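Input: a single structure, listed below in structure tokens.
The values are calculated or read from the model by the stated rules, or taken from the named source; none is laboratory data. What you see is a predicted model; the values in this text were computed from it and never measured. So basically every Cβ, Gly included, is an ideal-geometry build from the backbone, and we count neighbours across all protein chains shown.
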Number of protein chains: 4
Amino acid sequence: MSLRVTIWNEHRHELKNETVRALYPQALHGAIADGLREHGDFDITIATLDEPCNGLSEERLANTDVLIWWGHTAHKEVLDDTVDRVQQRVLDGMGLVVLHSGHHSKIFRRLMGTTANLKWRESTDKERIWIVSPNHPICEGLPEYFEIEREEMYGEHFDIPDPDELVMVSWFTGGEIFRSGLCYHRGRGRIFYFRPGHETYPTYHHPVVRKVIANAVNWARPLCNGPRPVYGLGFWNKPLEPLPAE
Amino acid sequence: MSLRVTIWNEHRHELKNETVRALYPQALHGAIADGLREHGDFDITIATLDEPCNGLSEERLANTDVLIWWGHTAHKEVLDDTVDRVQQRVLDGMGLVVLHSGHHSKIFRRLMGTTANLKWRESTDKERIWIVSPNHPICEGLPEYFEIEREEMYGEHFDIPDPDELVMVSWFTGGEIFRSGLCYHRGRGRIFYFRPGHETYPTYHHPVVRKVIANAVNWARPLCNGPRPVYGLGFWNKPLEPLPAE
Amino acid sequence: MSLRVTIWNEHRHELKNETVRALYPQALHGAIADGLREHGDFDITIATLDEPCNGLSEERLANTDVLIWWGHTAHKEVLDDTVDRVQQRVLDGMGLVVLHSGHHSKIFRRLMGTTANLKWRESTDKERIWIVSPNHPICEGLPEYFEIEREEMYGEHFDIPDPDELVMVSWFTGGEIFRSGLCYHRGRGRIFYFRPGHETYPTYHHPVVRKVIANAVNWARPLCNGPRPVYGLGFWNKPLEPLPAE
Amino acid sequence: MSLRVTIWNEHRHELKNETVRALYPQALHGAIADGLREHGDFDITIATLDEPCNGLSEERLANTDVLIWWGHTAHKEVLDDTVDRVQQRVLDGMGLVVLHSGHHSKIFRRLMGTTANLKWRESTDKERIWIVSPNHPICEGLPEYFEIEREEMYGEHFDIPDPDELVMVSWFTGGEIFRSGLCYHRGRGRIFYFRPGHETYPTYHHPVVRKVIANAVNWARPLCNGPRPVYGLGFWNKPLEPLPAE
């Protein structure tokens with residue numbers, strides 16, 4: 001069965017900003033979906049902010065293996081109920097790939113427990129992304145570094161928990177560095193944060209960026225039949241002697 | 001200057017339960033404070049749930065270097081505003097030592113981003129706590145393991161982020177293990193979770209438990225003069241040449 | 001193409017000890033191979049200590065994706081040249097799954113940089129292994145814990161680097177715990193240490209143990225086409241000046 | 001009692017190279033020692049390659065709390081016996097601060113288990129070092145970044161184990177980044193690798209570099225009275241049966 005991927009896009013810039021529309025005539029989610037299709041047989045659904053339940057109903061989430069998140073200008077408009085549902089689904093095993101300005105989304109901050117603040121600058125910076133974990137599955141098919149000719153700069157300090165695995169670090173012309181490819185384990189779910197993707201640059205047409213996102217989706221997929229821990233009060237293993245025969 | 005420690009205690013069991021009162025005539029916070037005093041010259045303040053602002057006003061937090069948290073039966077009564085203030089102070093550098101059933105406190109779950117669920121059983125279990133990081137400052141003065149004759153059992157899976165440092169693991173008679181001494185870095189603050197301390201056992205009179213808590217307070221203390229990252233939009237380093245003189 | 005797995009076995013106990021021979025009539029490597037075959041289409045080769053080059057020639061290693069290592073009584077007889085070759089291959093991307101008493105093998109100690117010392121006892125201990133990372137690929141198909149009726153005890157402190165991912169922790173009847181499922185990243189290779197498997201117990205016939213080893217082999221496999229970092233002196237991105245100037 | 005610091009210096013460049021001698025008239029170890037003295041009351045000893053036992057006798061190591069290591073051109077001349085002794089002392093609790101080209105020293109590679117290879121270039125690069133762990137004790141008194149006007153470039157991929165804590169990341173003019181402040185825990189010892197310090201630049205006169213090294217020495221100091229794990233065969237908690245039976 002194909003991996004079921006839901007791409008969530010705020011979908012506001014594309015409606016208001018000519019530059020963005022020119023770069024992404026099928027919207028940001030369209031370009032992200034196209035990129036995925038180049039690298040596998042994914043079963044893709046689009047969800048956007050202005051749909052009922054922000055497009056992320058209980059049912060939609062139940063049928064999502066990995067959720068990709070792109071948001072920027074309207075983080076506050078995402079309903080708290082939506083954030084609750086997504087958090088619960090991640091802890092239950094759904095993968096989450098957070099892109100670029102999604103660092104400030106309610107859901108990412110909720111899962112991190114920190115502000116996710118950073119430095120930023122829209123300028124003429126070139127971004128060069130270095131692989132620091134060359135054995136990581138998300139690096140399949142990648143060169144040792146790749147460049148994005150023009151991107152918004154994000155700089156440290158990035159106020160996040162120490163990543164469980166640090167995969168990539170960005171260099172920017174202006175003198176900044178940034179931890180830009182980050183793995184987290186939360187509950188039974190896995191989260192990847194990937195920095196690039198400002199809406200006024202053609203980043204989601206970049207072949208290496210597309211490959212990274214596809215790899216991340218594969219890495220973040222839930223186990224088919226993993227352990228399902230039991231929580232709460234338990235005398236399941238009483239009396240002590242003998243311990244359960246199994 | 002002495003380290004300024006605030007011990008926050010829910011302070012409900014002691015008022016209602018004779019057993020708890022007999023074990024802790026000065027309340028749980030009293031025993032924790034006594035334990036600290038055995039190991040250093042701490043400037044200790046007590047704060048409890050039923051005080052205004054849950055005892056944790058902006059001013060009190062501003063004058064706290066490390067906050068110890070004990071809560072159990074009334075997590076829901078802690079005001080969300082209190083949780084917001086404490087989280088902000090931790091991210092700004094205040095240390096936080098979360099004890100036992102505090103794993104389910106709003107503040108710990110907020111900072112972790114997970115449910116912090118676990119297995120538990122009040123029974124006749126002995127707990128034996130093993131040190132797995134013998135070079136860690138929190139292990140100063142400790143043996144390679146120590147025992148608590150009777151304690152509530154907490155068992156895995158413990159639904160928390162992978163700790164930044166795993167210091168201790170508990171063994172229980174009934175067949176469970178538990179990651180019971182855990183370090184986290186969040187923002188400019190440091191968090192230690194320490195498992196033991198059910199209210200119906202004399203755990204906070206245990207000499208090794210007292211030593212661990214004192215060590216944890218020292219470990220979690222804020223830097224005197226650490227880096228203070230700047231966040232947000234910045235053109236501070238443009239034009240590129242020359243870079244800031246420093 | 002099938003994953004190419006080489007099972008390295010010291011192969012001494014089976015020749016000398018009737019109990020071991022009775023438990024493992026096809027030798028330990030035979031049982032490990034059988035276990036793998038239950039869970040996938042692996043291309044399996046056996047290599048043993050007393051073969052030329054310890055069975056691990058340059059060519060054999062070049063044709064191995066993942067190496068499984070079982071050794072116990074003859075660690076010192078492994079040639080240093082063999083250790084050099086295996087280390088180099090791991091750093092170049094070959095996966096390594098180290099079983100049980102392999103913790104004291106030259107190759108594991110070489111890759112860890114520590115003594116890998118631990119406590120041990122051959123007794124009547126039951127081992128109960130708890131999953132602490134339920135989202136890890138090595139936990140696919142596993143219950144939240146599993147038991148081995150009788151096993152040699154290994155206890156902490158285990159003198160190893162903090163694992164990059166801690167997947168499993170063992171409980172033993174006698175009062176010990178042990179970090180027993182451990183992931184490491186070294187160079188372009190991935191290493192999994194898995195505790196169970198003393199030669200005088202039927203551990204490698206245990207269905208969950210077999211599943212774990214098969215999962216570990218899959219997890220440790222090299223990337224097909226990962227980044228190949230260049231090392232050493234480099235002016236590859238010269239002239240410098242055009243880059244920063246923009 | 002003052003912390004006992006031994007500064008080990010290869011001490012070859014200073015004897016052969018006029019530039020180095022001009023920058024470091026008291027040798028590299030002299031400048032490093034001066035830097036320490038600015039930040040605390042350390043009891044400092046110098047040891048160099050050409051002394052008997054490479055200056056690191058059993059007795060000298062036994063009387064060292066933290067060892068600083070600077071080597072570059074003569075790594076191969078360090079005796080294997082010296083490496084054995086230093087490794088053992090680190091595992092027994094001595095701190096180790098490895099500077100710059102010490103990444104390729106026998107002792108660092110031994111403790112890491114990897115090649116510690118990297119990219120390098122002697123050029124006109126400026127280095128800007130960013131703090132990514134602002135709550136770390138090694139960052140006491142530091143700004144959020146600091147610059148070294150001219151330094152040798154070191155670039156990723158740096159072939160090392162994932163650090164237990166990543167404290168600093170360097171940016172270089174030429175387009176590279178480097179993980180340049182790294183904490184490791186090994187045995188009962190603690191290791192800090194700090195990148196800057198090429199012999200032809202005045203780096204060890206830089207006030208922030210000096211502060212970092214002093215902080216690192218403090219961080220790496222052994223516990224006064226930490227756990228001393230027992231290893232090997234043990235029936236110390238026998239008879240087993242009374243324990244589980246309760």
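Does residue A:237 satisfy the criteria of being modelled with pLDDT of 95 or more and either facing chain B (nearest Cβ under 10 Å) or surrounded by fewer than 23 Cβ atoms within 10 Å (Cβ to Cβ) (or both)?
Spelling it out, it is not the case that residue A:237 is modelled with pLDDT of 95 or more and either facing chain B (nearest Cβ under 10 Å) or surrounded by fewer than 23 Cβ atoms within 10 Å (Cβ to Cβ) (or both).
Determine whether the range A:222-230 contains at least one residue that is more than 9 Å from every other protein chain (Cβ to nearest Cβ) and in contact (Cβ under 8 Å) with a residue 40 or more places away in the chain.
no
Suppose we filter the range C:10-34 for residues that are closer than 18 Å to residue C:202 by Cβ, in contact (Cβ under 8 Å) with a residue 40 or more places away in the chain and outside any helix (DSSP H, G or I); how many remain?
The number of residues fulfilling the criteria is 2.
Looking only at residues that are closer than 30 Å to residue D:222 by Cα and among the β-branched types (Val, Ile, Thr) in the range B:120-136, which one is farthest from the other protein chains (Cβ to nearest Cβ)?
B:129
Assigned to a strand (DSSP E or B) and basic (Lys, Arg): does that describe residue B:210?
For residue B:210, the condition - assigned to a strand (DSSP E or B) and basic (Lys, Arg) - is not met.
Residues to consider are A:175, A:189; find the one that is more than 13 Å from residue A:100 (Cβ to Cβ) and in contact (Cβ under 8 Å) with a residue 12 or more places away in the chain.
The conditions single out A:189.
What is the residue count in the range C:40-74 for residues that are more than 25 Å from residue C:218 (Cβ to Cβ) and crowded, with 19+ Cβ neighbours inside 10 Å?
Of the residues in that region, 3 qualify.
I'm trying to understand the selection: among the residues of the range B:145-190, which are among the basic types (Lys, Arg) and in a strand (DSSP E or B)?
B:179, B:186, B:190
I'm trying to understand the selection: among the residues of the range B:100-122, which are of a type in the set (S, T, N, Q) and without any contact (Cβ under 8 Å) to a residue 40 or more places away in the chain?
B:105
Could you go through the range D:212-219 and let me know if any residue there is under 24 Å from residue C:186 (Cα atoms), touching a helix residue (DSSP H, G or I) at 6+ places or on another chain (Cβ under 6 Å) and either at pLDDT 95 or above or not β-branched (Val, Ile, Thr) (or both).
no
State yes or no: is residue A:218 polar (S, T, N, Q), without any contact (Cβ under 8 Å) to a residue 24 or more places away in the chain and farther than 27 Å from residue B:110 by Cβ?
Taking the combined requirement at face value, the residue does not satisfy it.
Considering A:104, A:157, A:100, which residue is surrounded by fewer than 23 Cβ atoms within 10 Å (Cβ to Cβ), more than 27 Å from residue C:132 (Cβ to Cβ) and not aromatic (Phe, Trp, Tyr)?
A:104
With the condition kept exactly as written, say whether any residue in the range B:137-159 is in contact with a Cys (Cβ under 9 Å, 6 or more places away or on another chain) and more than 8 Å from every other protein chain (Cβ to nearest Cβ).
yes
Just one of (1) at the interface with another protein chain (Cβ under 10 Å from one of its Cβ atoms); (2) without any contact (Cβ under 8 Å) to a residue 60 or more places away in the chain trips up residue A:181, so point out which.
Every listed condition holds for residue A:181 apart from (1).
Any idea which of B:122, B:140, B:127, B:144 is closer than 21 Å to residue B:27 by Cβ and more than 17 Å from the chain's Cα centre (by Cα)?
B:122
Mind listing just one residue for me: the one in the range D:88-97 that is surrounded by fewer than 23 Cβ atoms within 10 Å (Cβ to Cβ) and either in a loop (DSSP other than H, G, I, E, B) or among the small types (Gly, Ala, Ser) (or both) and, of those, farthest from the other protein chains (Cβ to nearest Cβ)?
Going through the qualifying residues, I end up with D:92.
Given the structure, is residue A:101 among the small types (Gly, Ala, Ser) and in a helix (DSSP H, G or I)?
Here the answer is yes, as residue A:101 does meet what is asked.
A quick yes/no check of all residues on (1) in contact (Cβ under 8 Å) with a residue 12 or more places away in the chain; (2) more than 15 Å from the chain's Cα centre (by Cα); (3) outside any helix (DSSP H, G or I):
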| position | (1), (2), (3) |
| --- | --- |
| A:6 | yes, no, yes |
| A:36 | yes, no, no |
| A:41 | yes, yes, yes |
| A:46 | yes, no, yes |
| A:85 | yes, yes, no |
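Can you name the residue in the range B:110-119 that is at the interface with chain A (Cβ under 7 Å from one of its Cβ atoms) and in a loop (DSSP other than H, G, I, E, B) and is also nearest to residue C:116 (Cα to Cα) among such residues?
That would be B:118.
Restricting the range B:191-207 to residues that are within 16 Å of the chain's Cα centre (by Cα) and assigned to a helix (DSSP H, G or I), which is farthest from the other protein chains (Cβ to nearest Cβ)?
Filtering the range B:191-207 for residues that are within 16 Å of the chain's Cα centre (by Cα) and assigned to a helix (DSSP H, G or I), the one farthest from the other protein chains (Cβ to nearest Cβ) comes out as B:204.
What about residue D:159, is it acidic (Asp, Glu), within 28 Å of residue C:226 (Cβ to Cβ) and in contact with a His (Cβ under 7 Å, 6 or more places away or on another chain)?
No.
On the given criteria, is residue D:70 more than 14 Å from chain C (Cβ to nearest Cβ) and in contact with a strand residue (DSSP E or B) (Cβ under 6 Å, 6 or more places away or on another chain)?
yes
Looking at D:150, D:210, D:186 in this structure, which one is among the basic types (Lys, Arg) and buried (at least 23 other Cβ atoms within 10 Å of the Cβ)?
D:186
Looking at (1) at pLDDT below 95; (2) within 17 Å of residue A:197 (Cβ to Cβ); (3) of a type outside the set (Asp, Glu), which one does residue A:129 not meet, given that it meets all the others?
Answer for residue A:129: the failing condition is (1).
In the range D:55-82, which residues are assigned to a loop (DSSP other than H, G, I, E, B), within 25 Å of residue D:1 (Cα to Cα) and touching a residue at least 40 places away in the same chain (Cβ under 8 Å)?
D:56, D:63, D:64, D:65
Quick one: residue A:1 ticks every box in (1) of a type in the set (A, V, I, L, M); (2) modelled with pLDDT under 95; (3) not in a loop (DSSP other than H, G, I, E, B) bar one, so which box is it?
(3)
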